[in-house]
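Here is the structure we will look at.
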Amino acid sequence: MPDELSFICDAPLTLEADANTSRVQIAKQGEGFNDPRYGKFAITAADFANWKKSLSLRADGTVPLDIDHAIEKGGSSEAAGWVTDIEAEGRKLFAKVEWTPAGAEAVRSKRYKFISPAFGKMRDETGKVHENALRSVTLTNRPFLNMPAVCLSRDPLFAQDGDDASDSRRHMARTPEQTLATIAEHLKLDADADEAKILEAVEAQGTTIAELEAKVDEAKDGNETKTLEEQAKSEGKVVLDSGAYNELKTGAAAGIEAKQKLSDQRFDTTFTKALDEVRVDAKPETRDSYKTLYEADPDTTISLLDSLPKLAGTSAKGEGGSKALTDAPEGVDTERFQLDQDVKAYMAEHKETDYTVALDAVMAEQVAA
């Protein structure tokens, strides 16, 4: 277990009831961490539990928060704040921090933006060694993990005079999960994008979670001050009153109806022409089958009706050894009529909607026979 690790806080500071207290994420669970000083290691839920226990090793139940790990390096023990409690939320660990004026100023001035825990062996006054204790927490600008930075100065505790308080309140109202969801929506990621994908997308943008969230809030503030027409124009849209909308809706419905009438007229004209030229028979089921084809593929059906050979030929009924049908129309080429009937029977039997496919199949059967 390493003696010291740096983690940046990837959630906004949350102001508690007293004016100098914030809630800060100081670590997260994970496997496969690899530090050149300590090698590979993991941080587990058991580690979180041990760190919480270690608060009781000090008489007042606190852990010091310094700057740049000064305490761990044997330097000044001056505190920038005090960790008074820690609690886990899922795979994240949060600390309640009471800030000193010096610590608040360090964050407010943006001289420091990240939080880092130091943990490992700790010896108590009796000489007993506690293997896995939270020894201190620090403000640092050199975090161990490459995660998006949090702009701590957006918390009202660190706000500059004249800062927009509404922006800070909005930021504070979001949970870490809501913040990630806001960023994912801003980056147009899939709704099921996990934390790793969101952070990867943020890094690819060359920015941070805090900066992106600030852009989202800034855009929202801008939209709130725009008129509806201005906002619509910025998004490439137009605003319609109810009267204009209903008029367009009525016109669209009339256009759809007119288009359908033209389509029906086109089929009726083409089928009537084929009927007059004895390219199709006058049975209702024949018209229905071609209308079904037309609704599925208008252009192909029109071409088919125009290209059908005439049913009526020069030979009389029964001439030339063709099959004589008692129901074939007078003067109609019985062989061609029979072929047409066979094709329709094939379509009905095989649920085929394409006449040309059925025709090819019937012809193939006849050749094979």
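Those residues that are more than 16 Å from residue 298 (Cβ to Cβ), hydrophobic (A, V, I, L, M, F, W, C) and in contact (Cβ under 8 Å) with a residue 24 or more places away in the chain, I need them from the stretch 233-282; list them, please.
Selection gives 278, 280.
Residue by residue through the stretch 49-80, note down the ones that are of a type in the set (Val, Ile, Thr) and touching a residue at least 40 places away in the same chain (Cβ under 8 Å).
63, 67, 71
Can you give me the number of residues within the stretch 190-213 that are surrounded by 18 or more Cβ atoms within 10 Å (Cβ to Cβ) and over 18 Å from residue 91 (Cβ atoms)?
Looking only at that region, the number is 5.
Taking the residues in the stretch 54-103 that are assigned to a loop (DSSP other than H, G, I, E, B) and hydrophobic (A, V, I, L, M, F, W, C) as candidates, determine which candidate is farthest from residue 141 (Cα to Cα).
Applying the filter and picking the extreme gives 59.
Taking into account only those residues within the stretch 103-148 that are surrounded by 21 or more Cβ atoms within 10 Å (Cβ to Cβ) and of a type in the set (Val, Ile, Thr), which is farthest from residue 207 (Cα to Cα)?
Taking the candidates together, the pick is 137.
Condition (residue is under 22 Å from residue 50 (Cα atoms) and without any contact (Cβ under 8 Å) to a residue 40 or more places away in the chain) applied to the stretch 104-121: is it met by at least one residue?
Just the residues of the stretch 104-121 that are under 22 Å from residue 50 (Cα atoms), to begin with: 115-121.
Remaining after also requiring without any contact (Cβ under 8 Å) to a residue 40 or more places away in the chain: none.
Within the stretch 104-121 (the criterion being under 22 Å from residue 50 (Cα atoms) and without any contact (Cβ under 8 Å) to a residue 40 or more places away in the chain), the answer is no, since none of the residues qualifies.
Is at least one residue of the stretch 314-333 modelled with pLDDT of 70 or more, of a type outside the set (Val, Ile, Thr) and either in the same structural domain as residue 285 (by TED's automatic domain parsing) or assigned to a helix (DSSP H, G or I) (or both)?
No.
Which residues, taken from the stretch 236-291, are touching a Lys or Arg at 6+ places or on another chain (Cβ under 9 Å) and farther than 24 Å from residue 354 by Cβ?
Selection gives 239 alone.
What's the total number of residues in the stretch 34-49 that are within 19 Å of residue 86 (Cβ to Cβ) and either not polar (S, T, N, Q) or not assigned by TED's automatic domain parsing to the domain that holds residue 95 (or both)? Outline the logic, then answer.
Quick first cut of the stretch 34-49, residues within 19 Å of residue 86 (Cβ to Cβ) only: 42-49.
Then drop every residue that is not either not polar (S, T, N, Q) or not assigned by TED's automatic domain parsing to the domain that holds residue 95 (or both), which leaves 42-43, 45-49.
Of the residues in the stretch 34-49, 7 are within 19 Å of residue 86 (Cβ to Cβ) and either not polar (S, T, N, Q) or not assigned by TED's automatic domain parsing to the domain that holds residue 95 (or both).
The values are calculated or read from the model by the stated rules, or taken from the named source; none is laboratory data. Not measured: the values here are computed from a predicted model. Note that each Cβ is placed from the backbone with ideal geometry, even for glycine, and that neighbours are counted across all protein chains shown.
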